[in-house]
Every structure is written in structure tokens, then in C-alpha cells.
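**Q** Handing you a structure now.
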Amino acid sequence: KQWYQRRVAITAGVFALVLGFSNLIGDAISMGMGDYLSSTADIEHQKTEYKREKWEFDVNPEGEIAEMIELMEESGVSHEDAELIMRTTAKYPDLFMDQMMYYELGFMPLDENEMPAKQGVVTFLAFILFGLVPLLSYVLFGLLPWETYDSIDNVNLSFAISCVATAITLFLLGAVKANFSSEKWFLSGIKVTAMGAVACAASYAIGYLVAHFLLKDEQAELCDV
């Protein structure tokens, strides 16, 4: 039994590191590429709509002005004021196009300095940075000699430290997020931590159930040995 526990402890530590790092890198690449592709698709979609609206304005300016006047009236502006605003704005085609893109399609003016590739890289690095936190305890314990890291207690301690470090990181992330909103930093930290805890608990429960039902026969054989 002692041999079995030692084998489980060592295997669990190595397995956690291998699976953790491989999953971290794979997810980070996926998130980074997803952010890049999403940003690129949004930009291309907005450019396509801009070209279509620009063509309509060039071909039928009066029709587009009338459409914008109607939209302004729906926002509570009187007909006289809406017509004055839109006919004045129409003298400046770029400004009129920006207004038309916003009121008709909900698009803000394109940022010429926006770089989807940079956003993808930032997302990748951020995912790596925060994703390393749960693995740090296993890395530190992994630096110990193998004869030291041979106890189930050490494995459980690694797991406990990982959970605490992850919870603290999530709380700090939520607190920082509050600086960009009107939400209180403490409530924002609690909310992010709670959402992360639910995700972690679901992942742990699935892993536990899979291991329990698929590996119970193997565990029984090892215990007999």
C-alpha cells in the first residue's frame, strides 16, 4: 500500500504538470487566434458595410439624408432640427458617413491604429500569465527530490495551494476590472472569484467522475499488488 501511495503521488504530480502545461499552451493559442480572427472579421464586416453605405450616399444622397432625418426623429429630435443637423452634416461626407454608420448600424468610427494581431498576442500572453498561477505549486514541489515528493499529503498540499493562489488571482483580477466600470472593487472581485470557482468545481467534478468510473478497476489491481 505504501508503494502504491508513493507511485500515485509521483504520478499525480507529473500528470498535473504535463496535462496542465499542455492544456495551458493549447488554450492560450486558441484564445489568441480566436481574438485575432474575431477582431479581423469585425473590421472586415464594418469596412464592407461602410463601402455599401458610401455607395448608397454617392448614388442617392437625398434618400440617405431623409433616412437619417427619420432616425433622428425617432430619437426625439424635432423634424426641423433633424433636417438642419443632417443637411449641415451632409456637407462633410466623412462626418456624415460616421453618423450614418452609427445610427443605422451601430458601428463606431474605425480605429485606423487597431491591430488584430497585437490583440491576439496580448490575449495569448495574458492567458499564459494567469494560467500559470494554478501550476506554480506543482512546479515548486516538482523541484524537490523525488524521494521527498512521494507523499499523498504533498500532492494534496500542492492542490490546496493551487486553489488558494487561483482564488486570490481571480479576486485581484476582478478588483482591477472594477477600475473600468462603476462596480465596486470588492463586489467585482467576489463575482469573478465565484464564477471561476464554479468553472473549476465543474471541471474537477467531471475529472473525478471520469477517473472514478473508468479507472476504479486499475486502482483495485494496484492496491492488491
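The values are calculated or read from the model by the stated rules, or taken from the named source; none is laboratory data. Please read all numbers here as calculations on a predicted model, not as lab measurements. Virtual Cβ from ideal backbone geometry, glycine too; neighbours counted across all protein chains shown. Heavy atoms of the whole protein, side chains included, go into the accessibility calculation; ligands, DNA and RNA do not. Shrake-Rupley method; radii C 1.70, N 1.55, O 1.52, S 1.80 Å.
**Q** Sticking with the crude label model, points 7 Å out along Cα→Cβ, report the distance from Asn60 to Leu105 in nm, one decimal please.
**A** Inter-label distance under the simple model: 1.7 nm.
**Q** Oh, and also: Treat each spin label as a single point 7 Å out from the Cα along the C-beta direction, and report the Leu173 to Lys118 distance in nm.
**A** 2.3
**Q** Moving on. Which pairs in the list Lys91/Lys118; Lys47/Lys177; Lys118/Lys177; Lys51/Lys177; Lys51/Lys91 are over 29 Å apart, alpha-carbon to alpha-carbon?
**A** Details: Lys91/Lys118 36 Å; Lys47/Lys177 31 Å; Lys118/Lys177 21 Å; Lys51/Lys177 36 Å; Lys51/Lys91 19 Å.
The answer is Lys91/Lys118; Lys47/Lys177; Lys51/Lys177.
**Q** Would you please give the FRET efficiency between Ile206 and Met33, computed as 1/(1 + (r/R0)^6) with r the Cβ-Cβ distance and R0 = 25 Å, to the nearest 0.05?
**A** For R0 = 25 Å, the calculated efficiency reads 0.50.
**Q** Turning to a different aspect of this structure: Rank these residues by their accessible area, most exposed first, probe 1.4 Å: Glu74, Glu44, Glu114.
**A** Working: Glu74 130, Glu44 95, Glu114 70 Å².
The ranking, largest first, comes out as Glu74, Glu44, Glu114.
**Q** Express the accessible area of region 22-176 per residue in Å², computed with a 1.4 Å probe while the remaining protein chains stay in the model. Provide the component values of the computation, followed by the final result.
**A** Values: 9680 Å² over 155 residues.
Value returned for region 22-176: 62 Å² of accessible area per residue.
**Q** May I pose another question? Between Phe21 and Lys47, what is the label-point separation in nm under the 7 Å Cα-to-beta-carbon projection?
**A** 4.0
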